[in-house]
1. Go through (1) buried (at least 16 other Cβ atoms within 10 Å of the Cβ); (2) more than 26 Å from R365 (Cβ to Cβ) and name the single condition S175 misses.
2. I need the full set of residues from the stretch 126-150 which are of a type in the set (D, E, K, R) and within 13 Å of G177 (Cα to Cα), in order please.
3. May I ask you to list the residues in the stretch 328-373 that are more than 15 Å from V297 (Cα to Cα) and of a type in the set (K, R)?
4. Tell me yes or no: at least one residue of the stretch 321-329 is without any contact (Cβ under 8 Å) to a residue 60 or more places away in the chain, under 16 Å from L207 (Cβ atoms) and buried (at least 16 other Cβ atoms within 10 Å of the Cβ).
5. Could you identify the single residue in A149, A157, A220, A197 that is within 15 Å of the chain's Cα centre (by Cα), in a helix (DSSP H, G or I) and among the hydrophobic types (A, V, I, L, M, F, W, C)?
6. How many residues are in contact with a strand residue (DSSP E or B) (Cβ under 7 Å, 6 or more places away or on another chain), surrounded by 20 or more Cβ atoms within 10 Å (Cβ to Cβ) and at pLDDT 90 or above if we restrict to the stretch 228-247?
7. For the subset of the stretch 120-131 comprising residues that are surrounded by fewer than 22 Cβ atoms within 10 Å (Cβ to Cβ) and assigned to a strand (DSSP E or B), which member is modelled with the lowest pLDDT?
8. Check whether at least one residue in the stretch 178-188 is closer than 21 Å to T309 by Cα, surrounded by fewer than 21 Cβ atoms within 10 Å (Cβ to Cβ) and at pLDDT below 95, and report yes or no.
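The values are calculated or read from the model by the stated rules, or taken from the named source; none is laboratory data. On a predicted model such as this, the values are computed, not experimentally measured, just so you know. Glycine gets a Cβ as well: all are built from the backbone with ideal geometry, and neighbour counts include every protein chain shown.
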Amino acid sequence: MNVCTCPEPEMLHDYLRGTLAAADDTAIDEHLETCASCQAAIDALDARDNAVFGCLRDAPVEPALVDDSPLRKLVARAVALGNSTAVANEHAGYELDAMPAVLGNYTLLKLIGAGGMGHVYKAEHRRMKRMVALKVLAPQLLRSSSARARFLREVEAASKLSSPYIVTAFDAGESAGRDYLVMEYVTGQTLADRVRASGPLSLDLALECIIQTARGLQHAHDAGIVHRDVKPSNILLESPVDRQAVHVKILDLGLARLRQGSEALELTGTDAPMGTTHFMAPEQAANPRAVDGRADVYGLGCTLFYFLTGRPPYDGDNAMQVLLAHRDQPVPSLCAARADVPQTLDALFQRLVAKRPEDRPPSMRDVIAELIIVSHLPDKQLLPSPRRHKPHGRPRLRGVRCQRAVCRIPRHAAGQRQHR
């Protein structure tokens, strides 16, 4: 297969199903690392298949099907293809045949997530009786040595992180020929699901979620890890014990890039080496291997826009149109999209999603400092300009310049308020 030309949709579908010859499978694997258009097509095929099987799982059984054994078997087989697990599915009374019921010390209970790269199960430690989330490599990638190497690098990256704002990795191992990663099981919903179900977030909730997400990303960046797929569906809003508590956790390091010394190691899986087009920085679409933490700054800005408006900042009829919009279209205004957004926040958003990385805040620490300033403003109004006359002794922020609603704060003063 010639990797310089894009494969036909039928071949991409066969790739997702794992039915291609080994040579073609490897060729597509390599092609996807440099082709954003084909990657978007893979994502769309995977989402479509998951939606179809989800409808089959959740649909009630019609009375007319009760006595139609052949049709019932056909439906059961279709659902089985969509799940690939030996765990009894909670929506249907059959057993799926591709996964063992036990991996190492963990009993698999149900499938809770699936994509082109991996499947995630709710599981229980057999001795400790602790509920966990267990991730395994997708069945169609078991024979791919490069996919397995990337999965093991994801395990390595997860082991380097310990933050209250990132899902914690507990364990990793191999059983029945399958590598697995064990993570904490968090009850809640992704913020993408929350916005779809309830509409845009309040201004205060959006800012709190964005600040916590930025703190998690800062921790990853400090460990040499760039996430590269920051988006609402990778941010989990934990179900609070206290109704007043807000706590988010970042999911999925499957697209992350880990730097060790001068060498950058790809953690990307074959399903998504590029990221998600609606939240992807322009430079990431051009060269995903060359991005740094400022690509996550861009994704965070797009995520903020989604939280406040219920839609991504750019759209199009296909993935390529979206990618070009990120590169070429003017940055939209948060103030124009929503009346209660202050100019200070809109100005910061404009910088988060600047087309050129050098025009964005240089680090996640800088982003956090500016977000804290905006979130602490009374009624989210503009900060007074330092050049205006102030009564003697009135405190103000030293080292902060506010002009045309743009707030900047030096690194050494991040998050600190001082009196003159």
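1. (1)
2. R143, R148
3. The one that is more than 15 Å from V297 (Cα to Cα) and of a type in the set (K, R): R338.
4. No, because not a single residue in the stretch 321-329 is without any contact (Cβ under 8 Å) to a residue 60 or more places away in the chain, under 16 Å from L207 (Cβ atoms) and buried (at least 16 other Cβ atoms within 10 Å of the Cβ).
5. After ruling out the rest, the residue left standing is A220.
6. Number satisfying all stated conditions: 5.
7. In this case the residue turns out to be V120.
8. Taking the stretch 178-188 as the starting set, the residues that turn out to be closer than 21 Å to T309 by Cα are none.
Taking every residue of the stretch 178-188 in turn, none turns out to be closer than 21 Å to T309 by Cα, surrounded by fewer than 21 Cβ atoms within 10 Å (Cβ to Cβ) and at pLDDT below 95.
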